[in-house]
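J.: The following block contains the structure, expressed as structure tokens.
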Amino acid sequence: MARRGLDLEDLYRIVLVSNPLIHPSGDTVVFTVSRYNRGTGRLESSLWTAAGQAGPRPLTGGPSDTCPVWGPGSIVFYTRRGEKQASIMAVDVGGGEPWRLAGFPLNATPVGWNGKLESLVVIYSDPGGKGEWKPPSERDVLAYEGVLPVWFNGVGLLAGVRRRLGIVGYPDGSLEPVSAGDEWVTGAAVDPSTGRIAYTYYTDPLEPYRQVLAVVDPSTGERERIVEGPSFAGIAWSHRSNAIAYRARSWEEDRIYGHYHVYYYDLDGGEPVCLSCSLDRNTLPSVNSDVRGPSCLQLLDIGPEGNVYFPVHDAGSVALYRASPETEPEPVIPAGQAVVDEFTVSKEGGLRIAYTLMTAVRPKEVMIRDDTGSERVTWFNDWIESRGLREPSKYTIEGYQGDPVDFWVLPPVGQGEGEAPWILYIHGGPKTSFGYGFMFEFHVYSSKGYAVVYGNPHGSDGYSRDYALLSAGRLGTADYEDLIRIADTAPSVSPGLDPERSAVAGGSYGGWMTAYIITRTDRFRAAIVQRGCSNWASFYGASDIGWYFAPALLDAGAPWEDPSRYEEVSPLYSAGNIRTPTLIVHSLEDYRCPVDQALQLYTALTVRRVPSRLALFPGENHDLSRTGSARRRIARLREMLGWLDKYLARGDQDNP
């Protein structure tokens with residue numbers, strides 16, 4: 001087959017493999033397989049299983065089956081989301097038809113099996129109120145008082161909805177709430193033998209980043225607050241029932257830039273022990289990829305020997321590490337130029353690890369690792385090997401204050417002699433990173449003749465705490481300087497780039513930075529601002545996280561306290577400097593960076609007669625480029641390619 005790269009329609013061919021859940025005995029793995037339906041454009045998910053030498057086989061029929069957990073024997077519980085409600089389903093991994101255990105008006109996620117009470121622990125969305133729940137569109141009024149946010153990206157209008165912890169009886173499906181009425185539950189794990197539940201929550205909706213880790217015994221009602229104050233992201237129980245591991249970071253010290261570290265807490269006494277602090281790397285990986293399937297895994301687990309297992313994000317790669325209070329962290333699955341994206345470990349006998357692995361040229365597949373090494377379990381995306389995708393090349397330059405800054409260049413597929421147009425692409429976050437995650441979008445650009453240059457300026461994840469924190473309060477300085485140095489350097493280290501034909505693009509924080517860059521320089525022939533922020537003051541009041549995220553990012557008070565700071569870094573207030581032809585891409589149901597951000601920038605450019613185009617996507621949210629419908633994802637890429645073709649491909653356009 002000819003080397004032709006990826007087409008837009010190949011999005012329908014990619015299989016998203018996620019949530020590898022290994023049985024406690026290590027003999028079976030259940031995972032989620034997702035594909036886009038060509039008729040509807042929607043992502044459809046079902047559960048698959050693999051055991052021993054047998055190949056993978058479907059376990060459920062979909063179309064929206066996610067978040068499996070192991071129940072008694074070979075029973076698997078999972079969530080099936082329907083048009084009007086969510087259901088907790090059960091299926092015997094040995095075969096047979098699934099059955100419905102319980103229904104919920106909104107969302108519900110299985111947490112684990114409570115062996116003592118012979119019941120299922122769940123986290124569910126409680127709409128509150130009395131009588132039958134109605135969706136917001138069917139109500140006469142949505143009233144809020146003393147709570148934020150009023151909506152949440154990917155969820156919608158909240159109107160009294162909160163997340164609670166509960167127990168679903170088996171097999172009758174009865175629901176018994178466990179968390180208190182003022183607790184907004186953010187995560188949980190259950191000890192299957194004692195039935196105790198460790199869970200995290202906050203009580204003040206205005207400060208959701210200040211949380212509590214508690215342990216409750218639902219059989220007695222006994223409850224103990226273990227740790228108070230940090231933000232948590234993952235909990236795991238020791239198989240000996242005497243300890244838990246958790247991942248946390250301090251809001252006071254780190255705000256949005258700090259690392260999440262892994263801690264071990266002996267419930268028989270003592271203080272939490274940090275297992276990952278010596279690494280000075282984040283243990284909550286955030287390498288960008290736009291082909292991830294649905295997953296509910298904790299990314300934290302404890303093996304049969306008592307070691308805690310966790311990912312470590314380093315310079316665009318993610319490895320799996322283990323540590324204990326008595327041992328230093330060590331890699332179990334080294335990453336190399338790859339990303340160990342999810343994992344679970346067995347709890348009995350010899351250690352077996354189920355995980356997903358991806359590279360820059362290969363979407364995720366399920367792997368199993370034991371004492372003899374690693375073995376692939378799935379081969380869904382082998383077809384991609386025939387497309388001749390290019391490997392990106394990594395470079396390191398001297399960035400802000402002399403720190404090394406990494407970036408990659410992905411050349412066009414089949415590039416011959418001559419120089420190619422290229423895109424400086426900026427990630428979101430700001431504390432995420434680019435690296436060895438598979439990016440369908442980048443390979444489409446490469447297949448259409450464009451090179452892609454992408455890097456990790458200060459504030460990015462995957463490096464030291466100081467590297468991330470250097471951007472705190474310096475938005476638009478350290479990060480801007482790093483990105484401009486990358487743009488300056490890329491054509492000299494990669495001679496296939498045309499220094500006269502470049503564009504700048506990015507999403508979310510990258511969308512803001514794209515707009516910010518073109519207020520300060522005309523060096524790029526075109527710009528693409530995606531789901532970005534143009535006015536930080538209106539973002540503060542409209543975003544689902546704005547009231548705390550904007551002050552933390554800007555190192556400022558509220559807009560009425562530091563108006564000059566908000567104006568200083570808002571592209572809208574410098575729009576008079578913009579001359580670069582700009583495409584603005586935004587989703588109408590984006591509640592992270594609401595659509596007013598796009599409208600304000602588009603209005604400013606149109607009034608000034610700067611070549612600009614506004615592409616709005618109904619029915620989509622902030623995550624359009626990653627989890628949106630296939631048809632709109634493809635339409636988005638067509639818009640962007642059309643803009644690049646107009647201003648870069650011919651090479652005969654000048655900025656006005």
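J.: Put +1 on the Cβ of every Lys and Arg and -1 on every Asp and Glu Cβ in the chain; which of 537, 610, 309 then has its Cα farthest towards the positive end of the dipole?
T.: 610
J.: Could I ask something else about it? What does the extension gain come out to for residue 37 and residue 210, with contour length at 0.36 nm per residue minus their alpha carbon separation?
T.: Extra length from residue 37 to residue 210 when fully extended: 58.2 nm.
J.: Rounded to the nearest 5, what % of DSSP beta bridges with both residues in the chain are antiparallel?
T.: 80
J.: Based on the Cβ-Cβ distance from residue 362 to residue 596, what FRET efficiency comes out when R0 is 30 Å, to the nearest 0.05? If you can, show how the numbers build up before the last one.
T.: On the way: r = 39 Å, r/R0 = 1.31.
Using R0 = 30 Å, I get an efficiency of 0.15.
J.: If we count other beta carbons within 10 Å of each Cβ, what is the order of 394, 364, fewest first? Write out the running numbers ahead of the final one.
T.: Numbers: 394 16, 364 30.
So the residues, fewest neighbours to most, are 394, 364.
J.: To continue, here is another question. Residue 327 to residue 603: extension gain in nm, 0.36 nm per residue of separation minus the Cα-Cα distance?
T.: Numbers: separation 276, 0.36 × 276 = 99.36 nm, distance 5.84 nm.
Extending this stretch completely gives an extra 93.5 nm.
J.: Report the semi-axes of the equivalent ellipsoid for the range 1-133 in whole Å, largest first, where each axis is √(5λ) for an eigenvalue λ of the Cα gyration tensor.
T.: 29, 22, 11
J.: What does the helix-only formula give at 222 nm for the chain: each DSSP H stretch with n ≥ 4 adding -39500 (n - 2.57), the total divided by the residues, and the result rounded to the nearest 500 deg cm²/dmol?
T.: Estimated from H runs of four or more residues: -4000 deg cm²/dmol.
J.: Considering only 119, 457, 473, whose Cα is most displaced toward the positive end of the charge dipole of the chain, charges sitting on Cβ of Lys, Arg (+1) and Asp, Glu (-1)?
T.: 457
J.: A further question follows. Only sites in a loop by DSSP and with at most 13 other Cβ atoms within 10 Å count here; which GluC sites (Glu not before Pro) in the range 481-568 make the cut?
T.: Answer by residue number: 561.
Each reported figure results from applying straightforward, stated rules to the coordinates on display, with no laboratory input. Remember, predicted model here, so these are calculated numbers, not experimental data. With ideal geometry, Cβ positions are generated from the backbone for all residues, glycine too; neighbour counts draw on all protein chains shown.
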